[in-house]
1. When we measure straight from the Cα of Lys53, which lysines land under 27 angstrom away, once same-chain ones fewer than 8 places off are left out?
2. Calculate one ³J(HN,Hα) per residue across the range 43-53 by plugging θ = phi - 60° into the Karplus curve 6.51 cos²θ - 1.76 cosθ + 1.60, and present them in order as whole Hz with x for glycine and proline.
3. Treating the beta-carbon of each Lys and Arg as +1 and of each Asp and Glu as -1, no other charges, what is the dipole magnitude of the range 7-85 about its Cα centre, to the nearest 20 debye?
4. Counting only Cα, what are the radius of gyration and maximum Cα-Cα distance Dmax of the chain, in Å?
5. Distance between Cα centroids, the range 1-57 to the range 98-140: provide it in whole Å.
6. Could you order Trp157, Trp92 by accessible surface area, starting with the largest, using a probe radius of 1.4 Å?
7. Taking the Cβ-Cβ separation of Arg159 and Glu58 as r and a Förster radius of 25 Å, what is the calculated FRET efficiency to the nearest 0.05?
8. Normalised by the residues of the range 3-162, what does the relative contact order come to in percent, with Cα pairs under 8 Å and at least six apart?
Amino acid sequence: DMGKAILKPAEIPVLAEGEDFVARTISVNGEDYTVTCVSMGNPHCIVFCNNPKDIPLEQIGPHFEHHALFPERINTEFLQVIDETTLNMRVWERGSGETWACGTGACATAVACHLNGKTGRTVEVELVGGTLIIEWREADNHVYMTGPAEFSFDGVWLREVE
């Protein structure tokens, strides 16, 4: 249970008026994009595209992250709707760059897809790091995520803490 999706711009936060930030056009690095913004406790900007693999994420990601509309910066999901139950997504995470997976991003994306009339309330989100099943339940308005958790790496902190 990932909780309820936050849609009010002031609570995401996005510097905009209104009850939501759905299917709005913004200019990023001189190009117009139609985006939907959702927070799952952290801010996300969802961008629909033909194929996320074709997006030069390293070039465009920082321009979204540091856009003036997003006072706390923003995570950006570039998304292809395969069909009404399947999505393909790449993620630019604020402060990190491209990541292989993002649970809150997958949840925000599922909500954005439904709000834009592109999917139902349950979808499979294919990410570089694996597939997640996301359900935005109408009964309690909570977003539920199902997927694998795998060990990635471990390390040792060599610096002494004072």
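The values are calculated or read from the model by the stated rules, or taken from the named source; none is laboratory data. None of these values were measured; they are calculated from a predicted model. With ideal geometry, Cβ positions are generated from the backbone for all residues, glycine too; neighbour counts draw on all protein chains shown. For accessibility, only protein heavy atoms count, side chains too; no ligands or nucleic acids. Shrake-Rupley method; radii C 1.70, N 1.55, O 1.52, S 1.80 Å.
1. Answer for Lys53, where 27 Å is the Cα cut-off: Lys118, listed by chain and number.
2. After applying 6.51 cos²θ - 1.76 cosθ + 1.60, I find x, 9, 10, 9, 10, 7, 8, 6, 7, x, 5 Hz.
3. Roughly 140 debye for the range 7-85.
4. For the chain, the Cα radius of gyration and maximum Cα-Cα distance read 15.9, 54 Å.
5. The distance from the Cα centre of the range 1-57 to that of the range 98-140 comes to 13 Å.
6. Details: Trp157 180, Trp92 30 Å².
From most accessible down to least: Trp157, Trp92.
7. Values: r = 29 Å, r/R0 = 1.17.
Computed FRET efficiency for Arg159 and Glu58: 0.30.
8. On the way: 333 pairs, mean separation 28.7, N = 160.
Across the range 3-162, relative contact order equals 18 percent.
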